[in-house]
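Take a look at the structure below.
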């Protein structure tokens, strides 16, 4: 494969694509109350939509992303964009909650394009630029996730939740056309059967302690992130706020401030030990939930907390991936598949624990569940540092 550094234009196209594709996983969160009303379903039942989506994403990452080491990456990326478009259409025409849950699972399974693009970009970049390139692409990814809530909140309030899925489906087709003209072709690094490919994943888990540590820290960090965002719409619907989906989505714009720091974090990780920035990210994320707990019933408290939350999660994410991509490039796709699989299992767990905390203790319960998950991540980080 061409080892020349990536051009700035291609890096930004990959970042935009990653963000737009990842957004498909999060359009549903500000729409849950609207969907519940439209399909005449209870709020606790519609709360399974983001959970099922994240479970599907974890399955797709584990079963499909390793194909990036076995197949030509450009063709695989284009194929998955088209399949995601089909899944989004299925969600748009859902007649009941069960149908929408199945479609959400399909959306999760097929929306793996960002996790094919990230290792592809890392492999194309020069070693001394890898952190910056990964940080830029990841910045696009997280900004896409955050803007997804803003866009879907506005579209859901103005036009309806089905229209959001139709728009997302069309965007996937546009991206497929653009990428078909811009992405370079790759040469697969492996020549093995698919069962052997999947079997090698378990060997990598046993052999790579950096992967195990990064996966657990990332999973718990993203679990806390998901606990917040999957329950925010219900929190803001109650006193003292009484906000609708469009206002909930606007909080995604606030988080862009923190997400935009990813290239800076990547540069720091290039120059210093990324383990240090992992710990910094966990501290910042924990601080955000302490602010949510104490000042969450004030708008300024929520705004400050959202900025710190997205900054902390992004710092942990980019630093973990910088560590992973320092390992041999021959299995970057498989390493990324494992890391992101655990990452979104953590996200699904966080959504579940957030919903549980909300049902039992309301907002303080959500914050407590998130802090417990972050405690697990930080304890693992300290244990590794001592070893």
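Restricting attention to segment 90-123, the residues that are buried (at least 24 other Cβ atoms within 10 Å of the Cβ) and either assigned to a helix (DSSP H, G or I) or in contact with a strand residue (DSSP E or B) (Cβ under 8 Å, 6 or more places away or on another chain) (or both) total 16.
To keep it simple, each residue is scored yes or no on (1) more than 17 Å from the chain's Cα centre (by Cα); (2) within 29 Å of residue 184 (Cβ to Cβ).
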residue	(1), (2)
65	no, yes
68	yes, yes
74	yes, yes
78	yes, yes
83	yes, yes
97	yes, no
101	yes, no
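The set of residues in segment 190-203 that are within 26 Å of residue 22 (Cα to Cα) and surrounded by 14 or more Cβ atoms within 10 Å (Cβ to Cβ) comprises 197, 198, 201. Evaluating residue 385 against the criteria (1) farther than 21 Å from residue 25 by Cβ; (2) surrounded by 22 or more Cβ atoms within 10 Å (Cβ to Cβ); (3) at pLDDT below 85 leaves one unmet condition, (2).
Kindly indicate whether residue 60 is assigned to a helix (DSSP H, G or I), without any contact (Cβ under 8 Å) to a residue 60 or more places away in the chain and crowded, with 21+ Cβ neighbours inside 10 Å. Reasoning before the result, please.
On the way: assigned to a helix (DSSP H, G or I): yes; without any contact (Cβ under 8 Å) to a residue 60 or more places away in the chain: yes; crowded, with 21+ Cβ neighbours inside 10 Å: yes.
Answer is yes for this residue.
Please go through segment 359-374 and pick out each residue that is out of contact with any helix residue (DSSP H, G or I) (no Cβ under 7 Å at 6 or more places or on another chain) and modelled with pLDDT of 95 or more. Within segment 359-374, 372 is the sole residue that qualifies.
Set side by side, the residues 31, 39 differ, and just one is surrounded by fewer than 24 Cβ atoms within 10 Å (Cβ to Cβ), in contact (Cβ under 8 Å) with a residue 12 or more places away in the chain and touching a helix residue (DSSP H, G or I) at 6+ places or on another chain (Cβ under 6 Å), which is 39. Residue 87 - would you say it is in contact (Cβ under 8 Å) with a residue 60 or more places away in the chain and crowded, with 24+ Cβ neighbours inside 10 Å? The answer is no for residue 87.
In the set (1) within 18 Å of residue 160 (Cα to Cα); (2) touching a helix residue (DSSP H, G or I) at 6+ places or on another chain (Cβ under 6 Å); (3) at pLDDT 90 or above, residue 80 fails one condition alone, (1).
Within 22 Å of residue 371 (Cβ to Cβ), in a helix (DSSP H, G or I) and modelled with pLDDT of 85 or more - does that describe any residue in segment 325-344? Step through it out loud before you land on a result.
Within segment 325-344, the first condition is being within 22 Å of residue 371 (Cβ to Cβ), and the residues that meet it are 342-344.
Next, only the ones that are in a helix (DSSP H, G or I) stay: 342-344.
Then drop every residue that is not modelled with pLDDT of 85 or more, which leaves 342-343.
Scanning segment 325-344, I find at least one residue that is within 22 Å of residue 371 (Cβ to Cβ), in a helix (DSSP H, G or I) and modelled with pLDDT of 85 or more, so the answer is yes.
Of all the criteria given as (1) touching a residue at least 60 places away in the same chain (Cβ under 8 Å); (2) assigned to a helix (DSSP H, G or I); (3) more than 21 Å from the chain's Cα centre (by Cα); (4) surrounded by fewer than 19 Cβ atoms within 10 Å (Cβ to Cβ), the one not satisfied by residue 156 is (4).
Could you list, in sequence order, the residues of segment 278-301 that are more than 15 Å from residue 370 (Cα to Cα) and in a helix (DSSP H, G or I)?
So the first thing to find is which residues in segment 278-301 are more than 15 Å from residue 370 (Cα to Cα), and the list is 278-280, 295, 297-301.
Once the filter is applied, which keeps residues that are more than 15 Å from residue 370 (Cα to Cα) and in a helix (DSSP H, G or I), segment 278-301 yields 278, 279, 280, 295, 299, 300, 301.
Screening residue 356 with (1) modelled with pLDDT under 90; (2) within 19 Å of residue 51 (Cβ to Cβ) gives one miss only, at (1).
The values are calculated or read from the model by the stated rules, or taken from the named source; none is laboratory data. The structure displayed is predicted, hence computed values, not measured ones. Virtual Cβ from ideal backbone geometry, glycine too; neighbours counted across all protein chains shown.
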